[in-house]
Amino acid sequence: MVAENLIKIRSRIELACRKSDRNFNEVTITAVTKTFSSELANEAVEAGIFDLGENYVQEFVHKKKELNDDRIRWHFIGHLQTNKVKFVCGQVDLIHSVDSLRLAKEISDFCLNTGFKQNILMEVNTSEEAAKFGIKPGDAQVVAEEIMRLPGLNLIGLMTIGRFSEDAEESRYEFRMLKEIKSDLEQKGIPLKHLSMGMSNDFDVAIEEGSTIIRLGTAIFGNRDYKK
């Protein structure tokens, strides 16, 4: 099932890239394994997906130990509490969800004590929905400049979550806004490589708007059973 789903996903990525005059190789699929078994996660790895994303610290620690595969590049994509930084920092290739200057400082302090430099993305709440974490779009430049001053961090891009809707087009505005914020920051001398945006319901639109990392769970693994 996983391999078959990935064939369909890659076809959709190719189509979105053609529509936006982009190269297929510019887009990284991160398989979001939240609530899914290590066996299913391993199916994705065997199908050539080496970027795995987790939302919860405890689940990440468990899966990383169970899979124990050097080919895997782990991404932490969920809200990260400051008291859980020690379980994630230095253990993942990329933290997507740095949603406050306070969290960035906590990661930086941990890095200084361990001699590790952590790749991070700054999360921006482009929809400005109260239920979502993230920096307000109007504060993005000031916070990014502060993060750039922190030792131990590599700020390499931005992340956002589009508003959930049956119509993916409703997320286009948020994705376009994040791309514009990235351009503004680059003009201010902050080079950023990645835009992490687009999930199972809207990744086609996200790619058309410049996403370099898409975060796919149900599109790869099927529906989640939260009762397990």
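General observations
- Test for A3: is it surrounded by fewer than 20 Cβ atoms within 10 Å (Cβ to Cβ), touching an Asp or Glu at 6+ places or on another chain (Cβ under 8 Å) and not charged (D, E, K, R): yes
- Here E54 meets each of (1) over 21 Å from M197 (Cα atoms); (2) among the acidic types (D, E); (3) buried (at least 19 other Cβ atoms within 10 Å of the Cβ) with one exception, condition (1).
- Set side by side, the residues G162, G134, G157 differ, and just one is surrounded by 13 or more Cβ atoms within 10 Å (Cβ to Cβ), at pLDDT below 90 and closer than 24 Å to T28 by Cα, which is G162.
- Qualifying residue in the stretch 171-179 (condition: over 16 Å from G134 (Cβ atoms) and part of a loop (DSSP other than H, G, I, E, B)): no
- Criterion violated by I190 - all others in (1) crowded, with 18+ Cβ neighbours inside 10 Å; (2) part of a loop (DSSP other than H, G, I, E, B); (3) not basic (K, R) satisfied: (1)
- Any hit, the stretch 80-87, residues being buried (at least 18 other Cβ atoms within 10 Å of the Cβ), among the hydroxyl-bearing types (S, T, Y), more than 14 Å from the chain's Cα centre (by Cα) and under 25 Å from T35 (Cβ atoms): no
The values are calculated or read from the model by the stated rules, or taken from the named source; none is laboratory data. Not measured: the values here are computed from a predicted model. With ideal geometry, Cβ positions are generated from the backbone for all residues, glycine too; neighbour counts draw on all protein chains shown.
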